[in-house]
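One structure below.
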Amino acid sequence: MEGRLTLKVSLKKRTKKSSIRLTGKTGKYLTVVISVNGQVKATLRAKKKGKFAARISLELGANTVSVQASNSTGTKTVTKIIQRR
């Protein structure tokens, strides 16, 4: 059974690292798609308590990170910008 459609994402605003660990929470077992600068970097399934995590690579400068969770009732998207120096 799929979980309720909610979405929270934890992400720093700035980093010097070339890759970061993105974490978040959504409904249990929902499909989560993570994109960086318009390119899909990870597709995964949230765990029983709705938690998910993925390591994503970043380019120098501004990176637009979009996280999308979906269930049978719709889709929710969170978009954040992280600056890699």
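No lab work stands behind these numbers, since they all come straight from the coordinates. On a predicted model such as this, the values are computed, not experimentally measured, just so you know. As a convention, Cβ positions derive from the backbone with ideal geometry for all residues, glycine included, and neighbour counts pool all protein chains shown.
Please report the base-10 log of the normalised intensity I(q)/I(0) for region 7-84, using a Debye sum with one equal scatterer per alpha carbon and no solvent, at each q in 0.17, 0.26, 0.27 (1/Å).
So the normalised log intensities work out to -0.59, -1.24, -1.31.
Describe numerically, in nm with one decimal, the distance between label points set 7 Å from Cα along Cα→Cβ at residue 83 and at residue 4.
Inter-label distance under the simple model: 3.6 nm.
Take the chain, connect every pair of alpha-carbon atoms lying under 10 Å apart with a spring to form a Gaussian network, then pick out the residue of 41, 13, 51 with the largest mean-square fluctuation.
13
Could you check which residue among 61, 24, 50 shows the biggest mean-square fluctuation in a GNM of the chain with a 10 Å Cα cutoff?
Taking springs between Cα atoms under 10 Å, the residue moving most is 61.
Applying 1/(1 + (r/R0)^6) with R0 = 41 Å to the Cβ-Cβ distance of residue 14 and residue 72, what FRET efficiency is obtained, to the nearest 0.05?
The formula returns an efficiency of 0.65 here.
Under 17 Å between alpha carbons: how many lysine pairs meet that in region 7-84, if sequence neighbours fewer than 8 apart on the same chain are excluded?
The number of close lysine pairs in region 7-84 is 27.
Taking only C-alpha pairs under 8 Å that are 6+ residues apart, what is the relative contact order of the chain in percent?
35 percent
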